[in-house]
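The values are calculated or read from the model by the stated rules, or taken from the named source; none is laboratory data. All figures in this text were calculated on a predicted structure; none of them were measured in a lab. Positions of Cβ are generated from backbone atoms using ideal geometry, with glycine treated the same way; all protein chains shown enter the neighbour counts.
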Amino acid sequence: MRTDVLGVGFDNLTLAEAGAAGAALVEAGGFHYAVTPNPEFLLTARKDPAFRQALAQADLVLADGVGVLHAAKILGRPMKERVPGIEFAQRLMAWMSAHGKRLFLLGAKPGVAELAAARLKSRYPGLIICGTHDGYFKEDEPVVEAIRQAAADVVFVCLGAPKQELWMVKNGPASGARLMVGLGGSLDVFAGVVERAPEAFQKIGMEWLYRLLKEPQRFGRMARLPLVLVYALGSRIGGK
Ligand code: UDP
């Protein structure tokens with residue numbers, strides 16, 4: 001059973017368990033997709049039924065963001081640990097590297113996925129990066145075809161939410177891939193274009209603060225996020 005946090009059901013897994021579940025989905029046959037909702041997703045999902053459904057139907061729903069864990073705790077449904085999408089992706093790539101699996105990188109500005117591919121290849125020698133495509137295309141068809149031609153096992157779909165989740169639902173089955181993972185700005189991090197917060201910030205659950213300091217233009221977007229805790233509190237008091 002999933003852990004409900006403001007209408008989104010999460011798989012209550014550790015990072016290690018999530019990595020193993022991802023690998024199992026690649027081996028399972030058929031198409032699967034994974035999502036990594038953070039507090040911003042929860043707010044969007046409240047107002048967007050198609051997005052809500054895309055999250056609910058995912059094969060793996062991982063709690064990315066300390067805000068999701070705080071909200072879960074307030075609701076009286078504490079979860080094991082935070083599973084940042086980027087760390088899930090790293091686990092999966094380590095496994096793929098050991099098993100000679102094929103990864104397609106989709107998303108970010110032109111050139112970023114290629115840069116990420118070059119860096120990932122040296123970090124995960126056995127990993128086959130079978131194709132890349134930027135995230136600013138008009139038609140889905142040629143991109144789906146490129147993934148098919150590349151015979152990708154896994155696709156990292158990095159178009160930002162909710163675009164990437166809706167894209168996976170619509171185009172995943174025709175792509176021939178076994179697993180798609182919605183990973184937001186991860187390709188920018190893998191490419192070295194954007195830095196992840198230092199470990200000290202990650203450990204104390206303040207990665208969001210580091211990001212805000214580095215990209216102050218995000219303030220408008222991030223200012224809404226404490227709302228998640230307010231809604232969780234409201235829901236707890238209301239006995240839901
Ligand atoms: N992006 C894209 N196509 C679009 C819109 C966004 O490829 O049409 C990319 C963007 O370049 C960035 C990522 O999607 O690499 C989203 O980044 P953001 O930081 O907004 O996502 P988050 O990690 O916060 O979910």
Give segment 156-214 a look and list any residue that's within 14 Å of the ligand (Cβ to nearest atom) and of a type in the set (D, E, K, R), or say none.
LYS163, GLU165, ASP188, GLU195, ARG196, GLU207, ARG211, LYS214
In the set ALA98, ALA94, ALA118, ALA108, the lone residue that is among the aliphatic types (A, V, I, L, M), in contact (Cβ under 8 Å) with a residue 24 or more places away in the chain and closer than 18 Å to ALA191 by Cβ is ALA108
Only one residue in LEU229, LEU159, LEU209 is within 26 Å of GLY135 (Cα to Cα) and in contact with a helix residue (DSSP H, G or I) (Cβ under 8 Å, 6 or more places away or on another chain). Which one?
LEU159
Exactly one condition in (1) buried (at least 20 other Cβ atoms within 10 Å of the Cβ); (2) within 16 Å of the ligand (Cβ to nearest atom) is false for LEU115; which is it?
(1)
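Determine whether VAL230 is surrounded by fewer than 16 Cβ atoms within 10 Å (Cβ to Cβ), aliphatic (A, V, I, L, M) and within 15 Å of the ligand (Cβ to nearest atom).
Spelling it out, it is not the case that VAL230 is surrounded by fewer than 16 Cβ atoms within 10 Å (Cβ to Cβ), aliphatic (A, V, I, L, M) and within 15 Å of the ligand (Cβ to nearest atom).
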Would you say ALA94 is under 28 Å from GLY205 (Cα atoms), modelled with pLDDT of 95 or more and either touching a Cys at 6+ places or on another chain (Cβ under 7 Å) or crowded, with 17+ Cβ neighbours inside 10 Å (or both)?
no
When residues of segment 181-204 are limited to those that are of a type in the set (Gly, Ala, Ser) and more than 10 Å from VAL157 (Cα to Cα), the one modelled with the highest pLDDT:
ALA191
May I ask you to list the residues in segment 1-37 that are in contact with a Gly (Cβ under 7 Å, 6 or more places away or on another chain) and buried (at least 22 other Cβ atoms within 10 Å of the Cβ)?
TYR33, ALA34, VAL35, THR36
